[in-house]
């Protein structure tokens, strides 16, 4: 398998999100554990962009606790951002299938992510995409490694381009959604 590039993840996300008007972004991970913090850091950066019709939730180690708030915003698509070990270069981000995260050796989640994903798909009636970000497992310093920092920058820039390029939702009379022209 070839390593995913920033361009390929951007194209994949653009395809997955092309019809989504409302998007929820769920940052996952333990910010106190260097190998588990990348999803939270990416979500904070997306939140700082203040993109229209994008709601960011900083779930930390309890993503299951945010299923209610996510359902209330009625997203068309939910993006989960999480650190994941998938054997790539540090900082690499790629879309993961839920079955790929079942046995993560540093998982801090009380409920397995595949269960959370299935629950969100069923109850929120939204598509769910899991984006894994490869941490640098060899690093010992507290800060981000250059590879992790570069990977986060590429991912957030890709998310910004994809999310900012969607048609905005306007709320018309009586709360009915209408696409902006």
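Remarks
- Length-normalised contact order of region 6-165 in % [C-alpha pairs under 8 Å, at least 6 apart]: 31 percent
- Length gained when the stretch residue 160-residue 86 is fully extended (0.36 nm per residue, less Cα-Cα span): 24.2 nm
- For region 105-162, dividing the convex hull volume of the Cα atoms by the residue count gives 111 Å³ per residue.
- Region 6-165: C-alpha pair distances exceeding 19 Å, %: 48 percent
- Estimated distance in nm for a label pair at residue 49 and residue 14, the labels positioned 7 Å out from Cα along Cα-to-Cβ: 1.4 nm
- Contour minus Cα-Cα distance for residue 137 and residue 119 (0.36 nm per residue): 3.4 nm
- Sites residue 153 and residue 97 - FRET efficiency at Förster radius 22 Å, r taken between beta-carbons, to 0.05: 0.30
- Residue order, fewest to most surrounding Cβ atoms within 10 angstrom, among 97, 154: 97, 154
Read the figures in this text as sums done on the coordinates, not as results from a lab. Treat the numbers as computed from the prediction; the structure is a model and nothing was measured. Note that each Cβ is placed from the backbone with ideal geometry, even for glycine, and that neighbours are counted across all protein chains shown.
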